[in-house]
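Bear in mind these aren't lab numbers, they're just calculated from the coordinates by the rules spelled out. Remember, it's a predicted structure, so these values are computed and weren't measured experimentally. Backbone-built Cβ (ideal geometry, glycine too); neighbour counts: all protein chains shown.
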Amino acid sequence: MKKKPVIKCDECKSQHECCLTGAWVDLEEAKKILKLGIKGGEFYQLEEDKNFPSGYRIGTSVNDNPCTFLTPKGLCSIHTIDYNLKPVHCIEFPYENGELAPFVEYLCVAVKSKRKKKEAQVAFR
Ligand code: SF4
Ligand code: SF4
């Protein structure tokens, strides 16, 4: 059986990297986050999605721009104020339903570096 990769976010030195294109958030989570009144933190692009508990998801950035909740110091402003309100998707990333999330090789530095190492090994064979 194929071994699942283990990604340790607490050891990551670029924790903001996976926030550079924003995240999808359940609409009900977003409503609670908005009540925090975080300056500059906004949501865009409401879409139906049955994979989210409310049946709707909404994004924290537009056009692959950084998440609007990312601080200039590279921290998550929601996490800083109330970890319990941090979007589930962000807490689980780079996993989703127990598997590596889609596009993880473009968003997570740890997976990117593993991919590069593998490519280098193939190139030197
Ligand atoms: S998901 Fe990847 S880039 Fe984001 S904090 Fe974890 S290891 Fe770092
Ligand atoms: S909500 Fe926080 S953890 Fe999620 S992408 Fe934005 S800054 Fe990153």
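Key figures
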read-out	value
Karplus-derived HN-Hα couplings along the range 95-110 (A = 6.51, B = -1.76, C = 1.60, θ = phi - 60°), whole Hz, x at Gly and Pro	9, 8, 6, x, 10, 4, 5, x, 6, 4, 5, 9, 10, 10, 4, 5
Prolate/oblate/rounded call for the chain, Cα gyration tensor, a/c under 1.5 rounded	prolate
Largest-first principal axis extents of the Cα set of the range 18-78 (Å)	34, 24, 15
Using θ = phi - 60° and Karplus 6.51 cos²θ - 1.76 cosθ + 1.60, couplings along the range 68-75 (whole Hz; Gly, Pro as x)	6, 9, 7, 7, x, 7, x, 10
Student exercise, the range 15-93 dipole from Lys, Arg, Asp, Glu Cβ charges, in Debye to nearest 20	320
Neighbour-count order for Asp26, Asp10, Asp49, fewest beta carbons within 10 angstrom listed first	Asp10, Asp49, Asp26
Integer Hz, Karplus 6.51/-1.76/1.60 couplings in order for the range 21-38, x for Gly and Pro	10, x, 8, 8, 10, 5, 4, 5, 5, 4, 4, 5, 5, 4, 5, 5, x, 5
Over 24 Å between alpha carbons, listed pairs Lys13/Lys112; Lys39/Lys86; Lys32/Lys112; Lys8/Lys112	Lys32/Lys112
Residue (of Ser77, Leu46, Cys108) at the positive-pole extreme of the range 15-112, dipole from beta-carbon charges	Ser77
